[in-house]
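The structure appears below as structure tokens.
The values are calculated or read from the model by the stated rules, or taken from the named source; none is laboratory data. Keep in mind it's a predicted model, so treat the numbers as computed, not measured. Backbone-built Cβ (ideal geometry, glycine too); neighbour counts: all protein chains shown. Just the protein is used for accessible areas: all its heavy atoms, side chains included, with ligands, DNA and RNA removed. Shrake-Rupley method; radii C 1.70, N 1.55, O 1.52, S 1.80 Å.
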Amino acid sequence: MLLKLLILDRDGVINYDSDAYIKSVEEWIPLPGSIEAIAQLSKAGWTVAVATNQSGIARGYYDIATLEAMHARLRELVAEQGGEVGLIVYCPHGPDEGCDCRKPKPGMLRTIAEHYTVPLTNVWFVGDSLGDLEAAKAVDSQPVLVKTGKGEKTRGKTLPVGTLIFDDLAAIAAELIHN
Ligand SMILES: O=P(O)(O)OC[C@@H](O)[C@H]1O[C@@H](OP(=O)(O)O)[C@@H](O)[C@@H](O)[C@@H]1O
Ligand SMILES: [Mg+2]
Ligand SMILES: [Zn+2]
């Protein structure tokens, strides 16, 4: 049976985003219902992975240890609800470095799919920015926009054909678990 894989963007989907970047564990604050949503999905048999741009590393706003501490916090909070978080992949590069992993490039999605040896076709990738949706489209995954984070602003842009729109991660969990 094919793995039930869901891939999430981080800032603006799991936790509050900021135009000043999320630079510390203290600034990393889960959005309402997001931890519970991930735990419920996990307990319902979904593998929840994360693909996140973290140019704040290249910009010198925070270091890898701080980023890993944020992700340890995420794992801890989901585990407290009886769930678990799968692979977390991040792009530490700046916009001008020409890496293969920074969204809208799909490199991180490919890394996750290869890790789980599953095809990316129609795998839901949930994001709040246009680059998230374009990355999904590039590998024939299902672009899913949430209205949290930069989502409302992104809604006003030209979205990839077929983009699904939900209020937040909790609404996505309800959809996937109950349908
Ligand atoms: O949404 P994800 O991919 O999890 O992470 C987004 C963050 O890396 C930051 O990405 C930056 O974009 P630039 O990297 O400066 O273009 C800005 O949008 C920040 O507000 C945001 O916190
Ligand atoms: Mg985001
Ligand atoms: Zn990169």
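Data for the structure
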| quantity | calculated |
| --- | --- |
| Given (1) more than 16 Å from ligand 3 (Cβ to nearest atom); (2) under 13 Å from the mean Cα position of the chain (by Cα); (3) farther than 25 Å from Tyr16 by Cβ, number of the condition Thr148 does not satisfy | (3) |
| Selection from the range 118-138 of residues that are within 16 Å of ligand 3 (Cβ to nearest atom) and more than 18 Å from Ser18 (Cα to Cα) | Glu134, Ala135, Ala138 |
| The listed residue being within 13 Å of the chain's Cα centre (by Cα), closer than 26 Å to Val139 by Cβ, open to solvent by 10 Å² or more (accessible area, probe 1.4 Å) and not acidic (Asp, Glu), out of Ile14, Ile88, Ile57, Ile7 | Ile88 |
| Some residue of the range 149-159 being open to solvent by less than 10 Å² (accessible area, probe 1.4 Å) and assigned to a helix (DSSP H, G or I) | yes |
| Residue among Tyr61, Tyr90 that alone is farther than 25 Å from Glu152 by Cα and at pLDDT 95 or above | Tyr61 |
| Exclusive hit being part of a helix (DSSP H, G or I) and either in contact with a helix residue (DSSP H, G or I) (Cβ under 9 Å, 6 or more places away or on another chain) or under 24 Å from Trp28 (Cα atoms) (or both), set Ala135, Ala113 | Ala135 |
| Scan of the range 23-63 for residues that are within 12 Å of ligand 1 (Cβ to nearest atom) and either small (Gly, Ala, Ser) or free of Cβ contacts under 8 Å to residues at least 12 places away in the same chain (or both), ordered by number | Glu27, Ala51, Ser55, Gly56, Ala58 |
| When residues of the range 120-129 are limited to those that are within 13 Å of Lys4 (Cα to Cα) and in contact (Cβ under 8 Å) with a residue 60 or more places away in the chain, the one surrounded by the fewest Cβ atoms within 10 Å (Cβ to Cβ) | Trp124 |
| All positions within the range 23-59 that are within 18 Å of Asp132 (Cβ to Cβ) and in a loop (DSSP other than H, G, I, E, B) | Leu31, Gln54 |
| All positions within the range 66-114 that are away from ligand 3 (no atom under 11 Å from the Cβ) and among the polar types (S, T, N, Q) | Thr66, Gln81 |
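Every residue, every condition in (1) open to solvent by 10 Å² or more (accessible area, probe 1.4 Å); (2) closer than 18 Å to Pro143 by Cα; (3) more than 16 Å from ligand 1 (Cβ to nearest atom); (4) touching a Lys or Arg at 6+ places or on another chain (Cβ under 6 Å), yes or no:
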residue	(1), (2), (3), (4)
Ala65	yes, no, yes, no
Met70	no, no, no, no
Leu77	yes, no, yes, no
Cys101	yes, yes, no, no
Lys105	yes, yes, no, no
Tyr116	yes, no, yes, no
Gly131	yes, yes, no, yes
